[in-house]
Every structure is written in structure tokens, then in C-alpha cells.
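The block underneath contains the structure these notes are about, expressed in C-alpha cells.
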Amino acid sequence: MLADIHNHTKQFSPDAQMDIGELLDAAVKRGLDVVGVTEHFEYDNPDPMDIVQVFDMDEYERVFGTWKDRCPDGLKLIKGIEFGYQSHTAADIDEFALKIPFDVVILSNHIFGNRDVYYGGPELYDMPKKERHAIYIGKMAEMCERCNNYNVAAHFDYINRYNPDTEEYLLYDDCPEEFDRFLGALAAKDKCLEINTRSIYKAQVRGCSRIMPDERIIRRYLELGGRLISLGSDSHTPDTLGVLFDETIEYLNTLGVKELCYFINREPVLYGI
Ligand SMILES: [Zn+2]
Ligand SMILES: [Zn+2]
């Protein structure tokens with residue numbers, strides 16, 4: 001059983017390069033049982049480099065119906081969305097999340113200091129690492145505390161994904177207070193922690209000596225009562241569907257994780273690993 005619940009297509013996510021046909025073909029080829037489409041919806045994005053990432057939800061709902069008809073037997077296609085969080089958009093996100101019947105709602109924090117981390121450039125990394133990580137994980141905590149109509153917190157390691165220093169690594173010990181707030185909010189609300197294998201893949205491509213997330217982050221989540229973990233390759237192209245899932249599952253097994261989940265009608269479906 002393999003479920004990759006975080007992916008993008010070019011019809012609704014302007015930074016993606018695959019269409020739904022390519023995604024479905026790649027999912028079958030990779031041997032996935034479940035594939036999720038979670039298009040970007042970044043309301044009031046302050047980064048001038050980011051293209052507009054909002055769309056008509058009713059149109060998405062309509063088009064998704066046609067995608068479901070094209071889904072091959074044996075593959076489950078789930079309807080999701082990835083909301084980009086900012087402090088002033090929390091209430092809007094909670095409202096948008098109820099507009100159409102999603103299977104899964106993912107929340108992300110892409111913005112740091114009014115720039116998308118993707119475009120933040122080297123100056124983003126001038127700030128001492130612990131300070132940078134505390135601000136970023138503190139914002140993840142705020143997002144999970146203030147929003148309610150979501151299921152998954154995505155790529156908590158996004159802040160480090162494009163770091164030119166390949167030896168810098170996001171550690172629980174960089175900001176334990178912020179991590180406890182973030183992981184504690186997920187556990188208390190029975191929300192899901194995503195392990196984003198695009199971040200792991202990017203770390204591998206960049207030649208980082210550590211590529212898997214810090215084991216203390218995952219152990220702490222379990223300690224605080226967190227029970228839901230999902231995998232997402234966050235693919236924008238067909239070649240990375242389910243990337244490094246086998247290695248990540250093996251790693252999670254060593255930390256005592258025995259179940260992962262995907263979502264149908266906003267309810268978690270657990271499966272053993
Ligand atoms: Zn994202
Ligand atoms: Zn994404």
C-alpha cells in the first residue's frame with residue numbers, strides 16, 4: 001500500500017509542469033494505490049516573483065469530476081488543496097476550506113519575511129540558523145493553532161530546502177519550544193504531520209550528508225500523542241511521484257512508526273507500513 005497525497009498539476013498550479021494524464025500515468029507506473037492532487041492556493045501572496053496562485057473553486061470541483069472519470073482502476077484519486085498560510089489569512093483559509101468537498105486540506109508556510117523561501121535568495125540565510133528556524137517553526141505552530149479546517153501540515157522543513165549551505169540541517173534542538181507548540185497543536189487537534197519527500201529528494205540532489213528529517217522531531221511528535229503521518233512527494237513533474245518513499249518508510253520504521261494515512265472526505269484512512 002502506497003499513498004502519495006501531495007502533488008500539483010499545471011492546470012491549477014502555475015509552477016507545475018505536468019497535466020492530470022501524466023500524473024495518473026506516473027502514479028500507475030510508480031505502483032501507487034492512492035494519489036492526491038493538492039493545487040496551490042496562496043491567497044494575498046506578498047512575493048512579487050510568485051505568479052498568482054488562486055483559482056475558481058467551483059471550476060476546480062467541475063474539472064476534478066472529469067479527472068475522476070479518467071482515473072484507472074486500482075488507483076484512488078483524492079481531491080485536495082494546499083493553502084499557503086500567512087497570519088492575516090487564517091480566517092479566510094478556514095472559510096475557503098469548506099467551499100467544496102475536499103478529501104484533504106493541506107496547510108503550508110512558504111513565506112519568510114515577505115518572500116517565498118523559494119525566491120528568498122542567499123540573504124535569507126544570513127540570519128543565524130537557530131533564529132531563522134525558530135521564526136519559521138513558530139509560524140508553523142501559529143498556523144496549526146489558529147486554523148481549524150485542515151488535515152495536514154506540509155513540509156515543516158521548507159525553510160531549509162533551498163539552503164546553499166548543504167551542511168545546515170533543521171534540528172529539533174534548534175528551537176524545541178517552537179517545535180513543541182507546532183507538534184503539540186497537531187497532536188491535540190488530531191491533525192497530520194507530513195513527511196515531504198520532495199525536501200528529502202532536494203537534500204539528496206544538493207549532496208547534503210543528512211537527508212532524512214531529524215529523528216527527534218518525529219519521536220517528539222509521537223511522544224506528544226501525534227498519531228497521523230502522511231507521505232507527499234509534492235511532485236510538480238511526473239518523474240518524482242512517490243520519490244524516496246521506500247527509503248523514507250524504512251527510516252520511519254526504525255523510529256517506531258507503523259502506520260501512515262491518507263484522507264477521504266476529510267477523514268484519515270490508516271494503513272500499515
Ligand atoms: Zn508547498
Ligand atoms: Zn506542494
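The values are calculated or read from the model by the stated rules, or taken from the named source; none is laboratory data. Model, not experiment: these values are computed from the prediction. FYI the Cβ positions are ideal-geometry reconstructions off the backbone, even for glycines, and counts take in every protein chain you see.
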Reported set for region 87-110 where residues are within 16 Å of ligand 2 (Cβ to nearest atom) and either under 19 Å from V35 (Cβ atoms) or among the polar types (S, T, N, Q) (or both) is F102, D103, V104, V105, I106, S108, N109
From L222, L231, L260, grab the single residue that is in a helix (DSSP H, G or I) and closer than 20 Å to L183 by Cβ.
L222
Whichever residue in region 126-157 is surrounded by fewer than 17 Cβ atoms within 10 Å (Cβ to Cβ) and not in a helix (DSSP H, G or I) and, among such residues, is nearest to ligand 2 (Cβ to nearest atom):
N149
Checking the conditions here, which among L75, L24 is crowded, with 22+ Cβ neighbours inside 10 Å and either touching a Leu at 6+ places or on another chain (Cβ under 8 Å) or at pLDDT 95 or above (or both)?
L24
Give me the pairs, please: first residue somewhere in region 4-27 and over 26 Å from Y271 (Cα atoms) and within 13 Å of ligand 2 (Cβ to nearest atom), second residue anywhere and of a type in the set (S, T, Y) and in a helix (DSSP H, G or I), beta-carbon distance under 7 Å, and either six or more positions apart or on two chains.
F12/Y60
In region 84-98, the residues that are away from ligand 1 (no atom under 13 Å from the Cβ) and either part of a loop (DSSP other than H, G, I, E, B) or of a type in the set (G, A, S) (or both)
Q86, S87, A90, A91, A97, L98
Taking region 71-86 only, how many residues are within 16 Å of ligand 2 (Cβ to nearest atom) and of a type in the set (G, A, S)?
2
Candidates T254, T248 - the one that is among the hydroxyl-bearing types (S, T, Y) and either buried (at least 17 other Cβ atoms within 10 Å of the Cβ) or within 22 Å of V37 (Cα to Cα) (or both):
T248
So, in region 1-46, of the ones that are within 13 Å of ligand 1 (Cβ to nearest atom) and among the acidic types (D, E), which residue ends up farthest from H236 (Cα to Cα)?
E42
Subset of region 241-273 (residues that are over 15 Å from H6 (Cβ atoms) and in contact with a helix residue (DSSP H, G or I) (Cβ under 9 Å, 6 or more places away or on another chain))
E247, Y251, L252, T254, L255, G256, V257, K258, I273
What about P101, is it more than 30 Å from Y136 (Cβ to Cβ), away from ligand 1 (no atom under 16 Å from the Cβ), in a loop (DSSP other than H, G, I, E, B) and out of contact with any strand residue (DSSP E or B) (no Cβ under 7 Å at 6 or more places or on another chain)?
yes
